[in-house]
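Asker: Dumping the structure here so I can ask a few things about it.
No value in this document is a laboratory result; all are computed from the given coordinates. Everything quoted here is computed from the prediction, not taken from an experiment. With ideal geometry, Cβ positions are generated from the backbone for all residues, glycine too; neighbour counts draw on all protein chains shown.
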Amino acid sequence: MEVDIQEIIKNRLIEFNELHPDPDQAGTAALMLTDLEGVMEVETQTAHLLRVRYNVLEITLEQIDALLIETGFHVSTRLICALKRALYYYTEETQRTNSGCPKGETNCTRKVFINRYQRRDHELRDHRPEHWRKYL
């Protein structure tokens, strides 16, 4: 199964609430997300708007949002933002599941190959009779 690179690279906008002690939440969040595994590019659009480009097989928007909220950022809770986020969460999780990545797993590409390798018959069987196996 060949995956198109344009399907797994996502570009998303993350909006922040304006009522926060840090007036430049997007800039601070950009500094934090820059070194995150799976995040390819982070760009501040405004003081409250952040554009993130990432590989969905390595990290999802739900994980990015959870990290931001956990570290004290206030992600926008407006209805349109919440609906967009819910749709993105669902579609990304469906795409990851269809690619063989279970929910909550990071670096699932490696696990897909590990599962495939483990299912192959390697002809490594114990050829001794059953009654000999318990003695050795």
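Asker: Taking Y89 and the conditions (1) part of a helix (DSSP H, G or I); (2) within 23 Å of E7 (Cα to Cα); (3) free of Cβ contacts under 8 Å to residues at least 24 places away in the same chain; (4) touching a Ser or Thr at 6+ places or on another chain (Cβ under 9 Å), which numbered condition does it fall short on, given that it satisfies the others?
Answerer: Only one criterion is unmet by Y89, namely (3).
So that you can scan it fast, the table gives a plain yes or no per residue for (1) more than 21 Å from T97 (Cβ to Cβ); (2) buried (at least 19 other Cβ atoms within 10 Å of the Cβ); (3) in contact (Cβ under 8 Å) with a residue 60 or more places away in the chain:
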{"residue": "I5", "(1), (2), (3)": "no, no, no"}
{"residue": "P21", "(1), (2), (3)": "yes, no, no"}
{"residue": "T34", "(1), (2), (3)": "yes, no, no"}
{"residue": "L49", "(1), (2), (3)": "yes, no, no"}
{"residue": "I64", "(1), (2), (3)": "no, yes, no"}
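Asker: So, in the stretch 4-39, of the ones that are among the β-branched types (V, I, T) and under 16 Å from the mean Cα position of the chain (by Cα), which residue ends up farthest from L87 (Cα to Cα)? Can you show your working first?
Answerer: Our first condition is that a residue be among the β-branched types (V, I, T); within the stretch 4-39, this holds for 5, 8-9, 14, 28, 34, 39.
Okay, now just the ones that are also under 16 Å from the mean Cα position of the chain (by Cα), so 5, 8-9, 14, 34, 39.
Numbers: I5: 21, I8: 16, I9: 16, I14: 14, T34: 24, V39: 20 Å.
Step by step, filter the stretch 4-39, then rank; the result is T34.
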